[in-house]
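J.: Pasting a structure here, questions to come.
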Amino acid sequence: MNDLVEIKTGDLAGEALGWAVGMAEGLALHLEPPQYGNGWRVFAIYRGEATERCERYNPWEAWALGGPLVAKYRIGFGLYSDSFFAVIGLDDIAGDADGLTHLVAAMRAIVRARLGDTVRVPKELMP
């Protein structure tokens with residue numbers, strides 16, 4: 001997992017989007033290789049003083065992970081005819097993006113605000 005590829009933030013989807021959001025949030029991330037019919041998957045490593053746990057990180061599809069980020073960044077939504085538009089509502093951070101779902105649009109907006117219009121993600125996460 002040493003090879004990174006550059007992709008436009010607006011084109012991020014699936015695991016690559018999860019990786020980029022995790023990087024934007026400063027999380028320790030782990031890629032799990034394909035197994036049991038799944039492709040490469042992103043996990044976040046959470047370390048406490050005495051424990052460590054590794055959990056699936058998929059904020060683009062799981063409201064339990066993406067919802068708190070929507071609140072943290074005060075994201076507002078608009079509607080296009082075929083997609084959603086997300087805008088970050090914080091004065092000191094500018095970011096906006098669109099996507100087929102609220103969470104995809106919101107996560108892309110976070111990545112754009114924190115990392116820019118292009119990001120580098122592990123090539124394993126690209127289709």
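J.: Rounded to the nearest 10 degrees, what's the angle between the helix 63-72 long axis and the longest principal axis of the chain, both from Cα atoms, 0 to 90?
T.: 50 degrees
J.: Pull up all non-local amide H partners of Thr118: gap of 5 or more, or a different chain, and H-to-H distance under 5 Å with H placed in the peptide plane.
T.: Here Thr9 satisfy the definition.
J.: While we're here: If you take the square roots of the eigenvalues of the alpha-carbon gyration tensor of the range 21-94 and sort them as a ≥ b ≥ c, do you get rounded (a/c under 1.5), prolate (a/b over b/c) or oblate?
T.: Because a/c hits 1.5 or more and a/b fails to exceed b/c, the range 21-94 counts as oblate.
J.: What do you get for the angle between helix 102-115 and the principal long axis of the chain? Use alpha-carbon atoms, 0 to 90 degrees, nearest ten.
T.: 80 degrees
J.: Amide H to amide H under 5 Å from Arg41: which residues, 5+ apart in sequence or cross-chain, H placed 1.01 Å off N in plane?
T.: It is Glu32, by chain and number.
J.: Continuing with the same structure: So what's the net charge close to Leu31: Lys and Arg +1, Asp and Glu -1, counting the other residues with Cβ under 11 Å from its Cβ?
T.: Every neighbour counted, the sum reads -1.
J.: Label the range 69-127 by shape, choosing from rounded, prolate and oblate, from the square roots a ≥ b ≥ c of the eigenvalues of the Cα gyration tensor; if a/c is under 1.5 it is rounded, and otherwise prolate applies when a/b is larger than b/c, oblate when it is not.
T.: oblate
J.: What nm distance separates the two modelled labels at Ala50 and Asp117, each placed 7 Å from Cα along Cα→Cβ?
T.: According to this spin-label approximation, the distance is 5.1 nm.
J.: Could you compute the FRET efficiency for Met23 and Ser81, with r as their C-beta to C-beta distance and R0 at 30 Å, rounded to 0.05?
T.: 0.40
J.: Follow-up question, since we're still on this one. Relative to the longest principal axis of the C-alpha atoms of the chain, give the angle of the C-alpha long axis of helix 14-24, reported between 0 and 90° and rounded to the nearest 10°.
T.: It works out to around 80 degrees.
J.: Here's something else I'd like to know. Taking square-rooted eigenvalues a ≥ b ≥ c of the alpha carbon gyration tensor, is the chain rounded, prolate or oblate, where a/c under 1.5 means rounded and, failing that, a/b exceeding b/c means prolate?
T.: Here the chain falls in the prolate category.
Every number in this text was worked out from the coordinates using simple rules, so none of it is lab data. These numbers come from a predicted model, not from an experiment. FYI the Cβ positions are ideal-geometry reconstructions off the backbone, even for glycines, and counts take in every protein chain you see.
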